[in-house]
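Chemist: Here it is, the structure in full.
Since every read-out is calculated from the coordinates, none of them should be taken as a lab result. Note that the structure is predicted; figures quoted are calculated from it, not measured. Every residue, glycine among them, receives a Cβ derived from its backbone with ideal geometry; neighbour counts consider all protein chains shown.
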Amino acid sequence: MDANEELAYLRSFDQTAVAKPQIVADNVLTGIFLTDSRYRTALTALLLQEAVEAGRRLALVCLALADRSVPPARAIARPLPGLEGWQAFAAAIGRFEEPAQILDWLHVDQSARQSAEELLAWGGLSRLNAAVRVLEGGPPEVLTERDEAGTATLVIRAYTASGERAEARLPLLDDQIIALGDMAGDFVTWTRDFLGAYLDARAGR
């Protein structure tokens with residue numbers, strides 16, 4: 001594709017694929033505490049899937065911007081990173097101590113500094129490893145288990161590409177559910193800021 005087609009593709013990607021997890025998460029959060037309790041497990045699982053998708057899309061965009069050996073539009077058109085790609089992204093961010101280092105790595109300017117600061121402060125991307133591993137292959141098995149105190153836990157399970165059984169767990173508590181929506185929103189905001197800084201530079205703004 002030529003330069004104009006590339007920019008048009010990236011703008012469309014930004015407004016649709018990148019924004020989608022936050023749109024879904026916001027709509028789920030609007031009704032999850034009002035709907036029948038029987039649906040909370042499925043809706044929380046959906047929130048987790050959207051948060052993880054947003055994180056994997058952040059990784060996809062950051063890795064594409066960091067390595068310009070392939071045009072970003074072509075790199076971003078690839079499938080979302082699986083666990084290996086997610087871990088590479090988490091390790092890269094974990095090496096940085098200052099927001100400026102993230103911006104230098106991405107080859108973008110100071111317009112995205114706030115997102116770099118927030119990403120650095122968020123830290124601990126590796127805590128999503130289990131969820132990424134379960135969700136990298138598609139929709140998982142979803143169920144609820146309760147401990148001796150009666151606390152409900154969301155359990156998602158799936159088989160990995162290598163045939164291994166993977167599992168992730170999340171307490172079905174209101175603050176944990178809200179945190180998933182916030183996570184999706186943060187990941188989407190940072191992705192759009194980094195990609196937007198690249199697009200603005202390409203447009204000469």
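Chemist: Which residues, counting only those in the range 1-44, are among the aliphatic types (A, V, I, L, M) and within 28 Å of Ala116 (Cα to Cα)?
Modeler: Passing the criteria: Ala3, Leu7, Ala8, Leu10, Ala17, Val18, Ala19, Ile23, Val24, Ala25, Val28, Leu29.
Chemist: Further question on the same structure: Which residue pairs have Cβ atoms under 9 Å apart, sit 6 or more places apart or on different chains, and have a first residue in the range 1-25 that is within 10 Å of Ala73 (Cβ to Cβ) and a second that is loosely packed, with under 11 Cβ neighbours inside 10 Å?
Modeler: Pairs that qualify, where the first residue is within 10 Å of Ala73 (Cβ to Cβ) and the partner is loosely packed, with under 11 Cβ neighbours inside 10 Å, are Leu7/Ala203.
Chemist: Search the range 122-146 for residues being in a loop (DSSP other than H, G, I, E, B) and in contact with a strand residue (DSSP E or B) (Cβ under 7 Å, 6 or more places away or on another chain), and hand back the single one that is nearest to Leu170 (Cα to Cα).
Modeler: Pro140
Chemist: Can you name the residue in the range 153-202 that is touching a residue at least 40 places away in the same chain (Cβ under 8 Å) and among the aromatic types (Phe, Trp, Tyr) and, of all such residues, is farthest from Leu103 (Cα to Cα)?
Modeler: Looking at the filtered set, the residue picked out is Phe187.
Chemist: Would you call Glu53 surrounded by 13 or more Cβ atoms within 10 Å (Cβ to Cβ) and assigned to a helix (DSSP H, G or I)?
Modeler: Here the answer is yes, as Glu53 does meet what is asked.
Chemist: Okay, moving on. If you scan the range 115-153, which residues turn out to be out of contact with any Ser or Thr (no Cβ under 9 Å at 6 or more places or on another chain) and more than 18 Å from Ala51 (Cβ to Cβ)?
Modeler: Passing the criteria: Ala116, Glu117, Leu120, Glu141, Glu148, Ala149, Gly150, Thr151.
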